[in-house]
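A short reminder: the numbers here are calculations on the coordinates, not readings from a lab. Predicted, not measured: the structure shown is a model, and the values here were computed from it. Reconstructed Cβ throughout: ideal geometry from the backbone, glycine too, with neighbour counts over all protein chains shown.
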Amino acid sequence: MSPIPQHTLFALLALLCWTNIRAQLPEEDAEEMLLGRIESLVESMAEEDVDQTTLTESLEWLYAHPINLNNTNARELQQLFMLSAWQVNNLLHHISQHGELISLYELQTIDGFDEQTIEQILPFVTIADSHPRRHFSLDNMFRDGEHVLFLRYQQLLEEQRGFSAIEPAALEENPNARYLGSPCRLYMRYRFTYYQNVSFGITAEKDPGEEFFRGSQPQGFDFYSAHLHLRDFGRLRALSVGDYLVQAGQGLTLWSGMGFGKGADAIGIIKNGMGLRQYTSVDENNFMRGLGATLGFGPVEVTAFYSSKPRDATVIEEACPTDGKPVISSLQQSGLHRTPRELEGKNAVHESILGTNVRFQGERLHAGVTAFRLDLEAHLQRNLSFHNQFDFSQSTYQRIGVDYGYLSRNINFFAEVALSDNGTMAFLNGLMISMHRRFSLAILHRRYNMAYHGFMASAFGENTRANNEEGLYTGAAIRITPRLRLHAFADHFRFPWMKFRTYMPSRGSDYLINLEYRPTRQIECIARFRHKSKPLNTRQETRIRALEDVSRTQYRLHLAYPLTPTLSCRTRMEIIRFRHGDAAEQGFMIYHDILYRSLGSPVAITFRYAIFDTCGFNARIYAYEHDVLYAFSFPFMADKGMRTYLLLRYKLTRRIDLYARLARTTFNNRNDSGSGLDQVEGNTRTEIKAQVRWRF
């Protein structure tokens, strides 16, 4: 009798030791894992207005087209946002040493893959013996390609001040007293994909208050975006035409699109720059528009990119330059064009970016060099004061950066250093250590010069921009038992120069402890504590500004559990305590979710009822909400009241999905909400949303 192959023994051993997990999950369970993973990642950006389209799109695509672990590479596995570099390396090394996996159970025999990790990646991976080579042709592309069309309508039902009636004479005297367009938000997106090799898409959006096919918008939508992205065509590793993103290194030199910060995954601090990526979101300013290409020469990839597009800016009308270029005081980010004043800044300045990235990818070492130049066809004259005198305030900008990562056994080293054209530097150094099968540690030190221009960067830090900051972050993940995990981090930082509302050098700290218990795959219990302290100017009128300590403490208890095979619940209680000097505010929020999912039913339902009571805006509480696909909802709750939402998904056919969402906030202690033109008279705010997805 011939001996049993070694990798078969691995699989049999894992199967005997671990029988709870199934190789294929029911669709409703996998979908909940997808939504849960998105929520955990988005929560690291809790107080930022970000677009999660790219993240959702990537994970949903992998859910529909799982990665074949027997025919993959490190770059593809990084798209999961779930595996560390040493986990990826251990997986690939195991396959190279013992042959292809014959069962997903075999993953548990690989160092770094415990039951919970495998459960997280299950919806997005598979195992196949055959590795078919696709012969690209137009016939194959159009036969096997996928078309997806989204149409979305969204509106606040209560009348906002910007849409209310006004006397013609008053409007003529102040044209900015009302919005020009209708109160609805419209969204349309078409995308064609052929595996991950070809992507073509068009995205269009109209924000509430913007005109549509009239007035300032005769072309219809206020924002249009289009892309053509090719990938893995021999030496041509990537080609982007139209709108795209560039992500390199750790985000310190250049990173367009979203980036993750500190969150409950205390050791997930390493960025994986994906190079060129197609752009499918609706942020109207922070992306590239032009041409980018990546060529591969063995382990070396060379990327060149050029972007040329208009962007919004605040124009100084009183300035009279002799060269005809506009004079601007700032670059705008909102993308809103609802009033004549906002329209004055639309496409006010032309931006050109030319750059390159050279990357080496070895088995254990990767390194890259990134350089680019940005030109604004305008004179940038910021209103500089003491606290912001080092801000970016020029028309031309150049930057170069070097990054590397090295994997040595169970230690992953990573770093990036960047040099701005004003001679200032910024750098970060970090390492991630798997000290034991049950214990991992992450350490990151950063130092960003006060005059370093963090424009177009998205590096790890406390500031939104990578400048004027020094800090040391330490995070740990401990698997106490197979079902009990502890994540914790401590971040100590200081700001060598003044900041907005902080007119002295200052320092602060951020601590988190997150205990997660999963007695079964369907039951999840989370207890979280977080405390952040960061000083601000004293609120007392004094001749010399002094600082007062400002702290925010968060307590959270979260429980998710099933009632029946098709009905599950989630309950969360959160308490916030805010202190500014001697003044203190506090608040709480409790919500209860009911979710209906059935494999045999075309209907999926999510319902939430939440109550909240806070002393004001400073004690606001954020809570992630499920939304229609590719939409984003992370509202905060402040004052006193309740919030409910109902989300329905109906599979009309195998290819057509209908979504409907109704969300309502009712305040018990106020008779209006919002401010300015967004103000609503009355104690309620009700939003409706409807969406159609057609796959053909």
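For segment 470-476, what does the Karplus curve 6.51 cos²θ - 1.76 cosθ + 1.60, with θ = phi - 60°, yield as ³J(HN,Hα) per residue in whole Hz, taken in order and with x for Gly and Pro?
10, x, 10, 10, 10, x, 9
Just one of (1) 68, 61, 48; (2) 135, 60, 54; (3) 96, 59, 55 is Cα extents along the principal axes in Å as worked out from the coordinates here. Which one is it?
For Cα extents along the principal axes in Å, the calculated option is (3).
From the helices alone, meaning DSSP H stretches of at least four residues, give me the mean residue ellipticity at 222 nm for the chain, per-run term -39500 (n - 2.57), in deg cm²/dmol to the nearest 500. It would help to have the intermediate numbers written out before the result.
On the way: 9 runs with 83 residues, N = 696.
When only DSSP H runs of four or more count, the value is -3500 deg cm²/dmol.
Near LYS534, which aspartates and glutamates are there with a Cα under 18 Å away, not counting those fewer than 8 places off in the same chain?
GLU47, GLU48, GLU462, GLU469, GLU470, ASP491, ASP510, GLU548, ASP549, ASP582, GLU585
Once each part is reduced to its C-alpha centroid, what is the distance from segment 154-188 to segment 351-377 in angstrom?
Centre-to-centre (Cα) distance: 44 Å.
HN-Hα J couplings of segment 377-384 from phi, Karplus 6.51/-1.76/1.60, θ = phi - 60°, integer Hz, Gly and Pro as x?
7, 6, 9, 8, 10, 6, 7, 7
Please arrange HIS492, HIS337 by how many other C-beta atoms lie within 10 Å of their C-beta, fewest to most.
Details: HIS492 14, HIS337 27.
Ordered by Cβ neighbours within 10 Å, fewest first: HIS492, HIS337.
Summing Lys, Arg as +1 and Asp, Glu as -1, what charge do residues with Cβ under 13 Å from the Cβ of ARG507 carry, ARG507 excluded?
-2
How would you rank HIS436, HIS350, HIS229, going from fewest to most other Cβ atoms within 10 Å of each one's own Cβ?
HIS436, HIS350, HIS229
Just need the relative contact order of segment 335-410 here, percent rounded to a whole number, with Cα pairs under 8 Å and 6+ apart.
Result for segment 335-410 is 30 percent.
Hey, rough spin-label estimate for MET141 and GLN116, points 7 angstrom out along Cα→Cβ, what's it come to in nanometres?
4.4
If you average the C-alpha positions of segment 224-261 and of segment 410-433 separately, how far apart do those two centres end up, in angstrom?
21
Identify the chymotrypsin sites (Phe, Trp or Tyr not before Pro) of segment 385-491 meeting these criteria: DSSP loop state and at most 16 other C-beta atoms within 10 Å of the C-beta.
When the chymotrypsin sites (Phe, Trp or Tyr not before Pro) of segment 385-491 are filtered for loop state and at most 16 Cβ neighbours within 10 Å, PHE386, PHE455 remain.
Take the Cβ-Cβ distance between THR564 and TYR153 as r, set R0 to 25 Å, and report the resulting FRET efficiency rounded to the nearest 0.05.
On the way: r = 33 Å, r/R0 = 1.33.
That pair, THR564 with TYR153, gives E of 0.15.
Note the full-extension length gain between TYR622 and SER395 as 0.36 nm times their separation in residues minus their Cα-Cα distance, in nm to one decimal. Please list the in-between numbers first.
Numbers: separation 227, 0.36 × 227 = 81.72 nm, distance 3.77 nm.
Using 0.36 nm per residue and subtracting the Cα-Cα distance, I get 78.0 nm.
Say each of ARG364 and ASN176 gets a label point 7 Å from the Cα, pointing the same way as Cα to Cβ; how far apart are those two points in nm?
A separation of 6.0 nm, rounded to one decimal place.
All other residues with a Cβ under 15 Å from the Cβ of HIS436 taken together, and with Lys, Arg as +1 and Asp, Glu as -1, what is their net charge?
Spelling it out: positives minus negatives among the neighbours equals +3.
Could you list GLU167, GLU574, GLU377 in order of exposure, starting from the residue whose Cβ has the fewest other Cβ atoms within 10 Å?
Lowest to highest Cβ neighbour count: GLU167, GLU377, GLU574.
Run the simple label-point estimate for ILE411 and TYR555 please: 7 Å along Cα→C-beta, distance reported in nm.
4.0
Counting Lys +1, Arg +1, Asp -1, Glu -1, what net charge surrounds GLN97 among other residues with beta carbon under 14 Å of its beta carbon? Walk me through the numbers before you get to the answer.
Numbers: positive: none; negative: GLU100, GLU106, ASP111, GLU363.
Neighbourhood net charge equals -4.
Residue-wise, which Karplus ³J(HN,Hα) couplings in Hz belong to segment 78-84, taking 6.51 cos²θ - 1.76 cosθ + 1.60, θ = phi - 60°, and x for glycine or proline?
Here the 3J(HN,Hα) series is 5, 5, 6, 6, 10, 10, 7 Hz.
Show which lysines lie in cross-link reach of LYS532 when reach means a straight Cα distance below 25 angstrom and same-chain residues fewer than eight apart are skipped.
Answer for LYS532, where 25 Å is the Cα cut-off: LYS262, LYS271, LYS499, LYS640, listed by chain and number.
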